[in-house]
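Q: Dropping the structure in here first, questions after.
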Amino acid sequence: MQLGLHALGIGAGADRAVIDAVASSADECGFATLWAGEHVVMVDRSASTYPYSDDGVIAVPAQADWLDPMIALAFAAAASSRINIATGVLLLPEHNPVVVAKQAASLDRLSGGRLTLGVGIGWSKEEFAALGVPFEHRAARTAEYVAAMRTVWRDDVASFGGKFVGFDSIRVNPKPVRGCRIPIMLGGNSDPALQRIASWGDGWYGFNLDDVAAVRECIGKLSRLCGQAGRDRAELRLAVALRSPRESDVEALAELGVDELVVVATPPERADAAAAWVAALADRWLRSCS
């Protein structure tokens with residue numbers, strides 16, 4: 001099983017020097033993926049329920065720096081040579097899918113084919129309102145946007161007609177490195193999220209799960225849904241982040257078919273301390289994952 005690191009883009013992880021140091025050190029230490037999430041808008045008092053905590057409140061302060069993940073990962077890719085980069089997750093229905101397809105293909109090309117696009121449907125009504133995007137039907141919008149993006153990546157001259165997006169005979173270059181395709185993993189731990197993954201996703205990023213038992217339950221549901229959709233669950237890439245992971249969890253996760261354990265951590269504020277911080281994480285986790 002591989003080891004990922006979700007540490008970039010927020011707070012100390014939004015500092016250029018820290019990004020460079022974390023990315024280069026994680027590359028050297030053998031981490032598989034660097035993850036960065038997204039919120040375009042935060043509010044001081046939200047009436048929306050955050051789905052990944054018991055109290056329904058996101059832990060990130062509203063006033064914290066939060067970089068655009070595509071830009072943050074571009075800097076991380078430039079500071080490294082091997083490690084994969086992944087959005088975890090990009091809130092796709094908040095964006096124009098043709099623009100995202102262009103940005104993702106550009107980042108994939110510049111990084112040498114290292115990008116995975118993790119996407120989610122979003123949960124903050126306030127964020128959608130600020131961006132002028134309807135909160136309703138965001139799941140259907142996301143599915144259609146992904147289909148449109150895959151069309152743009154695949155076809156030299158692309159056309160698409162849908163309820164939420166349409167274009168005719170357009171050229172969008174460059175194309176992604178790996179067979180004109182970028183892997184798309186979906187966030188979300190709910191039954192509807194797992195259904196989306198089974199229907200059209202390339203993988204699952206399970207975030208902030210309680211424990212191995214919660215992962216087991218989700219993977220069991222995902223396997224059944226894949227069977228109903230005529231898909232082989234083993235073809236999906238599975239990455240999970242636990243709330244309080246333990247080294248003893250690694251073997252159990254591997255037995256469940258998890259491909260990557262993602263450690264969620266906050267880097268030090270000083271860039272000159274980042275290398276030692278990454279090395280300590282690697283020393284703790286990589287031996288268990290190998």
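Q: For the stretch 176-193, enumerate the residues that are farther than 15 Å from Glu235 by Cβ and buried (at least 19 other Cβ atoms within 10 Å of the Cβ).
A: Matches in the stretch 176-193: Pro176, Ile182, Gly187, Gly188, Asn189, Ala193.
Residue-wise test of (1) touching a residue at least 40 places away in the same chain (Cβ under 8 Å); (2) open to solvent by 30 Å² or more (accessible area, probe 1.4 Å).
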residue: Glu94; (1), (2): yes, no
residue: Val99; (1), (2): no, yes
residue: Ala105; (1), (2): yes, no
residue: Arg109; (1), (2): yes, yes
residue: Gly112; (1), (2): yes, yes
residue: Gly118; (1), (2): yes, no
residue: Ala140; (1), (2): no, yes
residue: Ala147; (1), (2): yes, yes
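Q: Report whether or not Glu269 is open to solvent by 30 Å² or more (accessible area, probe 1.4 Å) and either over 20 Å from Ala36 (Cα atoms) or in contact with a Leu (Cβ under 6 Å, 6 or more places away or on another chain) (or both).
A: Considered against the rule, which asks whether it is open to solvent by 30 Å² or more (accessible area, probe 1.4 Å) and either over 20 Å from Ala36 (Cα atoms) or in contact with a Leu (Cβ under 6 Å, 6 or more places away or on another chain) (or both), Glu269 comes out as no.
Q: Which residue is surrounded by the most Cβ atoms within 10 Å (Cβ to Cβ), if the candidates are limited to the stretch 46-68 and must be in a loop (DSSP other than H, G, I, E, B) and in contact with a strand residue (DSSP E or B) (Cβ under 8 Å, 6 or more places away or on another chain)?
A: In this case the residue turns out to be Leu67.
Q: Right, next: Which condition number does Phe31 fail, the rest of (1) open to solvent by 20 Å² or more (accessible area, probe 1.4 Å); (2) closer than 15 Å to Val264 by Cβ being met?
A: Of (1) open to solvent by 20 Å² or more (accessible area, probe 1.4 Å); (2) closer than 15 Å to Val264 by Cβ, only one is false for Phe31: (1).
Q: Which numbered condition in (1) within 21 Å of Met185 (Cβ to Cβ); (2) touching a residue at least 12 places away in the same chain (Cβ under 8 Å); (3) open to solvent by 70 Å² or more (accessible area, probe 1.4 Å); (4) not in a loop (DSSP other than H, G, I, E, B) is the only one that Ile71 fails?
A: Tallying (1) within 21 Å of Met185 (Cβ to Cβ); (2) touching a residue at least 12 places away in the same chain (Cβ under 8 Å); (3) open to solvent by 70 Å² or more (accessible area, probe 1.4 Å); (4) not in a loop (DSSP other than H, G, I, E, B), Ile71 fails exactly one: (2).
Q: A further question on this structure: Out of Arg178, Arg224, Arg196, Arg284, which single residue is out of contact with any Ser or Thr (no Cβ under 9 Å at 6 or more places or on another chain), within 26 Å of Ala59 (Cβ to Cβ) and of a type in the set (Lys, Arg)?
A: Arg284
Q: Still on this structure, please answer the following. Taking Ser80, is it out of contact with any Cys (no Cβ under 6 Å at 6 or more places or on another chain), of a type in the set (Gly, Ala, Ser), over 26 Å from Lys175 (Cα atoms) and not in a strand (DSSP E or B)?
A: no
Q: Cβ-Cβ distance below 9 Å, separation of 6 or more or different chains: which pairs start in the stretch 163-185 with a residue that is within 22 Å of Val89 (Cβ to Cβ) and in contact (Cβ under 8 Å) with a residue 60 or more places away in the chain and end on one that is open to solvent by 60 Å² or more (accessible area, probe 1.4 Å) and part of a loop (DSSP other than H, G, I, E, B)?
A: Qualifying pairs under 9 Å: Val165/Asn96.
The values are calculated or read from the model by the stated rules, or taken from the named source; none is laboratory data. All of these numbers come straight from a predicted model, not from anything done at the bench. A quick note on method: Cβ atoms are made from the backbone with ideal geometry, for glycine too, and the neighbour counts reach across all protein chains shown. Areas reflect the complete protein model, heavy atoms only, side chains present, ligands, DNA and RNA absent. Shrake-Rupley method; radii C 1.70, N 1.55, O 1.52, S 1.80 Å.
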